[in-house]
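First comes the structure, then the notes that go with it.
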Amino acid sequence: MSGRARPWDAPRIPVLLALFSGSALVEAVRCSSLSSLLNADMWWHLSSGLWILHQYAFPHTGLFSQSSDTPWVATSWTYDLNLAIFYQVMGLRAIPVFTMSFRAGLAVVTFLIAGGRRRNFWTAVALSLVAQYILAAAQPTPAYGSILLFGVELQLLLESRRVANLTPLFWLPPIFLFWANVDVH
C-alpha cells in the first residue's frame with residue numbers, strides 16, 4: 001500500500017499555500033487597522049535603527065529615552081537595523097510587511113517542527129494554525145525574532161536526532177551569534 005497515493009495526500013500543496021499565505025493575509029488585514037503602528041516599542045526600535053544606519057555606529061547612551069545621558073547598550077541592534085532598512089525601502093508599509101514576514105516564518109517553522117514533511121502533515125498544519133492563533137496578539141518586537149530563532153534551533157535539534165547525525169548542529173553557533181544580536185532575552 002506504500003506505492004498507492006491516499007486520497008488525503010492530494011491537497012497538501014494547496015493546504016500549505018493556504019497556511020503560509022493565510023498567516024500573512026491575516027496579518028495584513030490586522031495591520032490595515034494600524035494596530036501594528038500603536039506599539040511604542042516599534043517606534044523606538046525604528047528610531048534606533050535609523051540612527052545606526054545614518055551614523056554608522058551604535059548608540060552608547062539612551063538617545064530615545066527620558067535619560068539620554070545614561071549609558072546604554074544596543075542589544076537588539078540587528079533587529080533595529082533590519083527594521084530601519086525595511087523602512088527606508090518601503091516607508092510605513094515596512095512595519096506590517098516586517099510583521100507578516102515573521103508570521104509566515106513562524107508558520108513554516110512550526111510546520112517543520114511538527115513533522116509536516118513526514119507522516120504528520122495534518123497534525124503539523126493544525127499545530128501551525130494554533131501557533132498563529134496564540135501569537136496573533138504579539139507585536140513585532142525583537143522577542144518575536146527570538147521565538148522564530150528558537151523554533152529554528154528546535155528544528156535543527158530534532159533533525160539531528162532524527163537522522164542520527166551531528167551535521168545540522170553545526171548551524172547552531174552562527175544562529176546563536178545572530179540571535180544574541182537580535183534580542184537580549
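The values are calculated or read from the model by the stated rules, or taken from the named source; none is laboratory data. All figures in this text were calculated on a predicted structure; none of them were measured in a lab. Here the Cβ is made from the backbone with ideal geometry for all residues, glycine too, and neighbour counts use every protein chain on show. All accessible areas refer to the heavy atoms of the entire protein, side chains included, with ligands and DNA or RNA removed. Shrake-Rupley method; radii C 1.70, N 1.55, O 1.52, S 1.80 Å.
Remarks
- Selected residue [polar (S, T, N, Q), exposed (fewer than 15 other Cβ atoms within 10 Å of the Cβ) and touching a residue at least 24 places away in the same chain (Cβ under 8 Å)] from Gln132, Gln88, Gln155: Gln88
- Qualifying position, being more than 30 Å from Ala40 (Cα to Cα), of a type outside the set (A, V, I, L, M, F, W, C) and at pLDDT 80 or above, among Glu159, Glu153: Glu159
- Residue within segment 94-101 that is surrounded by fewer than 15 Cβ atoms within 10 Å (Cβ to Cβ) and closer than 19 Å to Trp179 by Cβ present: no
- Number of residues in segment 102-118 that are touching a residue at least 40 places away in the same chain (Cβ under 8 Å) and open to solvent by 40 Å² or more (accessible area, probe 1.4 Å) equals 3.
- Matching entry among Phe170, Phe178 (being part of a helix (DSSP H, G or I), of a type in the set (A, V, I, L, M, F, W, C) and in contact (Cβ under 8 Å) with a residue 60 or more places away in the chain): Phe178
- Any hit, segment 59-74, residues being within 23 Å of Thr99 (Cα to Cα), surrounded by fewer than 18 Cβ atoms within 10 Å (Cβ to Cβ) and in contact (Cβ under 8 Å) with a residue 24 or more places away in the chain: no
- Selection status of Leu83, part of a helix (DSSP H, G or I), under 19 Å from the mean Cα position of the chain (by Cα) and either of a type in the set (Asp, Glu) or at pLDDT 85 or above (or both): yes
- Residue match in segment 171-182 (condition: touching a Lys or Arg at 6+ places or on another chain (Cβ under 9 Å) and closer than 21 Å to Ala114 by Cβ): no
- Yes/no for Ile147 being within 26 Å of Val184 (Cβ to Cβ) and open to solvent by 20 Å² or more (accessible area, probe 1.4 Å): yes
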